[in-house]
Structure formats: C-alpha cells, structure tokens
Amino acid sequence: MKQVIRVAGLGLLAAGLVLSTSGVAAAKTVSDKKYAKSVCGAIQGVSDTIDQIQPSSGGDEAAAQTQILQSTDQLLDSLKSAKATAARISPEDGGKKVTKTFDKYFQSTIDGVTAAQQKLAAADPNNVAFAADIAQFSAALQTLEATTGDPFSKLSSNQDLLQALKKEPSCSEVVTVYG
C-alpha cells in the first residue's frame with residue numbers, strides 16, 4: 001500500500017505541474033512564432049524533467065521522503081529555468097500583458113510546489129500518519145492546476161498568437177490550443 005502511495009504521489013506530481021516565468025519588465029518583443037517556440041520549448045523542458053522522475057521502490061519511508069523531496073527540487077529548478085526563459089520575451093500579439101499572464105501563472109505554480117514540498121519535508125516518515133502526509137502532498141499538487149488556472153485559456157483575444165501556438169510542433173506535445 002505504501003508503495004502505491006509513493007508511486008501515486010510522484011505520478012500526481014508529474015500530472016499536475018506545468019512551467020513558469022518572471023521579470024516581465026525586461027521582456028523583449030519577438031514574433032508570435034518565436035514566442036510560441038520558446039514558451040512551449042520551456043514547457044517541454046519541464047515535462048522532460050517530470051518524465052525523468054522515478055519513484056522509489058524500497059520500503060524505507062525516510063528514503064522515500066528524501067527521494068520525493070529531491071525530485072521536487074529538480075522540478076522546481078526546471079520550473080525556474082522555464083520561468084527565466086519565458087520572462088525574457090514578449091509576443092507581438094498581446095505583448096507584456098501575455099508575458100504578465102504567464103508570469104503570474106508560473107509564479108503561482110512555483111509557490112504551490114514549494115509550499116507542498118515544505119509541508120512534506122516537515123512530515124515525520126516514522127509516524128504512522130506518514131502515508132496521509134504523502135497523500136496530502138499529492139493532493140496539493142493535483143489541485144494546484146485547478147487553483148492556478150490555465151494561461152493559454154486567457155489568450156482568446158490574441159488570435160495571431162493562438163495560431164502561432166497551434167502551428168508550433170512543441171506546443172502540441174504539451175498543450176491543446178483552441179481558438
């Protein structure tokens with residue numbers, strides 16, 4: 001049962017997370033096509049990090065906790081890298097408003113992952129309630145997507161950008177763009 005919880009926790013970590021951005025003020029305006037390629041490439045980098053995370057297979061709860069926390073560190077590093085990439089640019093269609101939308105979204109994602117990680121780090125793996133702590137960690141990450149929203153859904157007024165996102169192959173691997 002504990003093994004299933006650990007695997008489920010990492011699976012939910014992988015399923016519930018996306019990318020990040022910051023530093024909106026210094027963003028350089030680029031073509032919508034270049035923006036789509038950069039942002040979706042950054043998202044793909046986060047997805048690749050998630051794919052590399054492997055659940056622990058032993059029965060040692062302390063080792064499982066350490067492994068989950070280290071995986072979460074890797075994910076946060078990837079999110080911060082993606083955030084920096086996306087922060088450097090702004091699309092022609094929507095400009096700084098789009099960059100700010102992604103910035104808020106991705107910072108909320110980083111903050112949510114960090115909060116869940118800190119709570120799990122404070123949990124005692126020797127306590128009988130540790131399985132519940134793992135479940136809470138998983139639930140926090142699973143609901144993170146619902147609480148941070150989808151930045152792509154806020155681009156309906158930016159049809160040129162939406163078309164560039166639709167045409168970018170790396171975008172189709174990480175998000176379905178409607179519009």
Requested in this report: With an 8 Å cut-off on Cα pairs and a minimum separation of 6 or more residues, tell me the relative contact order of segment 74-147 in percent.
Outcome: 28 percent
Requested in this report: Please turn the phi angles of segment 31-48 into ³J(HN,Hα) values with the Karplus equation 6.51 cos²θ - 1.76 cosθ + 1.60 (θ = phi - 60°), one per residue in order, whole Hz, x for glycine and proline.
Outcome: 4, 4, 4, 5, 4, 4, 5, 5, 5, 5, x, 5, 5, 4, x, 5, 4, 5
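Which order do you get for Val46, Val175 if you rank them by accessible area with a 1.4 Å probe, largest at the top?
From most exposed to least exposed: Val175, Val46.
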Report summary line: Net charge (Lys, Arg +1; Asp, Glu -1) of residues whose beta-carbon lies under 12 Å from that of Gln44, Gln44 excluded, is -3
Query raised in the report: Which percent of the Cα-Cα distances in segment 85-179 go past 20 Å?
Result: 50 percent
Requested in this report: Please give the solvent-accessible surface of Leu141 in Å², to the nearest 10, using a probe radius of 1.4 Å with every protein chain present.
Outcome: 0 Å²
Query raised in the report: Dipole of segment 59-179, Cα-centred, from +1 at each Lys and Arg C-beta and -1 at each Asp and Glu C-beta, to the nearest 20 debye?
Result: 600 debye
Report task. List the lysines whose Cα lies under 28 Å from the Cα of Lys166, skipping any in the same chain that are fewer than 8 positions away. Result -> Lys28, Lys33, Lys34, Lys37, Lys80, Lys83, Lys96, Lys97, Lys100, Lys104, Lys154
Report summary line: Lys and Arg at +1, Asp and Glu at -1: neighbours of Lys28 with Cβ under 14 Å from its Cβ sum to +1
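The values are calculated or read from the model by the stated rules, or taken from the named source; none is laboratory data. The structure displayed is predicted, hence computed values, not measured ones. A quick note on method: Cβ atoms are made from the backbone with ideal geometry, for glycine too, and the neighbour counts reach across all protein chains shown. Only protein heavy atoms, including side chains, enter the accessible area calculation; ligands, DNA and RNA are left aside. Shrake-Rupley method; radii C 1.70, N 1.55, O 1.52, S 1.80 Å.
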